[in-house]
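Just so you know, all these numbers are worked out from the coordinates, no wet-lab data involved. Every value quoted in this text rests on a predicted model; they were computed, and no experiment measured them. Glycine also receives a Cβ, built like all others from the backbone with ideal geometry; neighbour counts cover every protein chain displayed.
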Amino acid sequence: MKETPERVDSIPLELVNRPQWVAWTLTKDNRKLPIDPKTGKAAKSNDPKTWTDFETAYNYARVNGLGIGYVFSDTDPYCGVDIDDCRDPQTGAIDAVIYQEIESLGSYCELSPSGTGLHVICRARLDKGLTSPKIELYDRGRYFCMTGQHLQGTAKTINESQNAVDELVTSHFENN
């Protein structure tokens, strides 16, 4: 199955223009392994030498039937919000509470590779990466598999969302 996004024009140019891209492949145990498109070997989300520009990553992924991913780092202003199992892939229906949270972020949102989750990329910082069974937030040391499948009705640009991210941290991590 070909994973390379066909709708790369949906990915915001400010991400495309950064040299923080990798390819990725699905392993036998369903993990998404980042690949350095320059060498074909494993990439590391904490090693910029294993990242490349968008065009190199995209072309490598397309030729090899892989996906592409954006790596979050200390050198960029972005935070990624990964929400799992919130969308029915058959109907496109999204959990109402999750949709309100996505709207509050007011930033670029796309479908995850599974089609059942969503990725939001916004401008915000975290003290550390956070993970729970349904939602993960990262601003460095991780990468997101990018599909280019923009979620209709959400922003097409990456916007400042610090207050909304702080609210997600409080509601999903501090009140549990």
Taking N as the number of residues in region 98-138, what value does Rg over Cα atoms divided by 2.2 N^0.38 Å take? 1.18
Calculated from backbone phi, Karplus (6.51, -1.76, 1.60) coupling profile of region 35-40 in Hz, x at Gly/Pro: 10, 6, x, 7, 10, x
Mean-square fluctuation check for the chain, GNM, Cα pairs under 10 Å: which of D84, D53, D166 is largest? D166
Expressed as a rounded percentage, what relative contact order does the chain have, with Cα pairs under 8 Å and six or more residues apart? 25 percent
Can you give the FRET efficiency to the nearest 0.05 for N59 and A96, using r as the Cβ-Cβ distance and R₀ = 45 Å? 0.70
At 7 Å along the Cα-to-beta-carbon direction for both T131 and K28, put a label point, then send me their distance in nm to one decimal. 2.2 nm
Per-peptide average of other Cβ atoms within 10 Å, ordering 75-81, 97-103 highest first: 75-81, 97-103
Pop out the ³J(HN,Hα) list for region 108-117 in order, Karplus 6.51 cos²θ - 1.76 cosθ + 1.60 with θ = phi - 60°, rounded to Hz; leave Gly and Pro as x. 3, 9, 9, 6, 6, x, 6, x, 9, x
Quick one: in region 5-73, what % of C-alpha pairs are over 19 Å apart? 25 percent
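When the expected Rg is taken as 2.2 N^0.38 Å, what fraction or multiple of it is the alpha-carbon Rg of the chain?
0.97
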Output the pairs from K32/K156; K41/K156; K28/K134; K49/K134; K49/K156; K28/K156 with a Cα-Cα distance over 27 Å in this structure; if there are none, say none. K41/K156; K49/K134; K49/K156; K28/K156
Candidates G141, G106, G67, ranked by Gaussian network fluctuation over the chain, Cα under 10 Å, top entry: G141
Using the Cα centre of the chain as the reference point, and only Cβ charges (+1 on K/R, -1 on D/E), how large is the resulting charge dipole? Debye, rounded to the nearest 20. 760 debye
For region 117-176, diffusion coefficient by Stokes-Einstein and Kirkwood Rh (Cα), 10 °C, 1.306 mPa s, µm²/s: 124 µm²/s
Compare A96, A164, A43 in a GNM of the chain, Cα atoms joined below 10 Å, and give the one with the largest fluctuation. A96
